[in-house]
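As structure tokens, the structure follows; a few thoughts come after it.
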Amino acid sequence: MPETLVEPERRTTTDQVFDHLYARIASLDLLPGAKLSEVEIARRFGVSRQPVRDAFNRLENIDLLRIRPQRATRVRGFSMERIQHARFVRLALELEVARHACTLWTAPMAAALAENLARQEEAIAGERLDALHALDCDFHTLICERAGLGMAARTIMDCKRQVDRLCLLSLGRTSEATALLEDHHALAAALEARSERDATIVVRRHLARLDETIADIRHSHGEYFE
């Protein structure tokens, strides 16, 4: 029986297939090297092959799929070159967003982050790692949007996609999830205090954690890397 595609306003079938596959890849439900079939996915969703092909192309454009003529389409492994580039771009953006946000932070902005942080704490307590991952994305997006930098948020999310799967692997360890939450609390406090110095220190520390995570996972899961 085909899976039901709920049609939100102005969202195409391609959007929905893309979101479904992206979520499965990002959550490691589909591991690096896994094969994907246009025919099987089109049959599963009860759609033609064209929207599935378009979704595949979008996933390839963000380096999550490898499409080669006459060969099976596979989930891409991690690339150190792409990861390092995404980390560099994200750091530059997050530093500027933090500086800008400090100049106009308000009590309602602080309240919005506090609500998100409370939900992160609940997710960690309940060991709901998928929920924590989503709330992590929401936390950074909230800062951008509340600072009037929504387009920066989209670019940051594009960068995060390069390392989302790595982050999910590391969040499986309680210490990593706790460190992430501590950084978020520290950044929220720096923004509320309008301290550019403290905010930039936290951002650098937060993203630097990725270096150790990447090295650790590359050692323990070398088969996931290209």
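The values are calculated or read from the model by the stated rules, or taken from the named source; none is laboratory data. Keep in mind the model is a prediction, meaning the values are calculated, not measured. Backbone-built Cβ (ideal geometry, glycine too); neighbour counts: all protein chains shown.
Scanning region 187-226 for residues that are outside any helix (DSSP H, G or I), touching a residue at least 12 places away in the same chain (Cβ under 8 Å) and not hydroxyl-bearing (S, T, Y) yields R194, H221, F225, E226. Of the residues making up region 66-109, those that are under 16 Å from the mean Cα position of the chain (by Cα) and hydrophobic (A, V, I, L, M, F, W, C) number 7. Condition check for Q70 on (1) in a helix (DSSP H, G or I); (2) in the same structural domain as A34 (by TED's automatic domain parsing): one failure, at (1).
Of all the listed residues (L28, L21), the sole one being at pLDDT 95 or above, surrounded by 13 or more Cβ atoms within 10 Å (Cβ to Cβ), touching a Leu at 6+ places or on another chain (Cβ under 7 Å) and not aromatic (F, W, Y) is L21. For region 94-177, the helices (runs of 4 or more DSSP H) that sit wholly inside it and include 2 or more residues that are over 28 Å from R76 (Cβ atoms) and among the hydrophobic types (A, V, I, L, M, F, W, C) are 107-125, 129-146. Only a single item in (1) touching a helix residue (DSSP H, G or I) at 6+ places or on another chain (Cβ under 8 Å); (2) among the basic types (K, R); (3) over 29 Å from I214 (Cβ atoms) is not met by R58, and it is number (3).
Considering region 48-66, and only residues there that are modelled with pLDDT under 95 and in a loop (DSSP other than H, G, I, E, B), the residue that is surrounded by the fewest Cβ atoms within 10 Å (Cβ to Cβ) turns out to be I62. Residue under question is A86, and the condition is that it be in contact with a Cys (Cβ under 7 Å, 6 or more places away or on another chain) and in the same structural domain as A186 (by TED's automatic domain parsing); does it hold? Yes; evaluated as a whole, the condition is true for this residue. Evaluate region 198-205: report whether one residue or more is in contact with a His (Cβ under 9 Å, 6 or more places away or on another chain) and of a type in the set (D, E, K, R). No; the residues of region 198-205 include none that is in contact with a His (Cβ under 9 Å, 6 or more places away or on another chain) and of a type in the set (D, E, K, R).
Taking region 44-58 as the range and being of a type outside the set (K, R) and at negative phi as the test, the residues that pass are F45, V47, S48, Q50, P51, V52, D54, A55, F56, N57. Count of region 10-35 residues, restricted to those that are within 20 Å of D164 (Cα to Cα) and not in a helix (DSSP H, G or I), is 9.
Residues that are surrounded by fewer than 13 Cβ atoms within 10 Å (Cβ to Cβ) and either within 18 Å of H85 (Cα to Cα) or at pLDDT 95 or above (or both) do not occur anywhere in region 155-170. Candidates are the residues of region 113-145 that are under 17 Å from E182 (Cβ atoms) and charged (D, E, K, R); the one that is surrounded by the most Cβ atoms within 10 Å (Cβ to Cβ) is D136.
Scan region 67-88 residue by residue and report those that are touching a residue at least 60 places away in the same chain (Cβ under 8 Å) and either surrounded by 15 or more Cβ atoms within 10 Å (Cβ to Cβ) or hydroxyl-bearing (S, T, Y) (or both). Matches in region 67-88: R76, G77, F78, S79, R82, I83, A86, R87.
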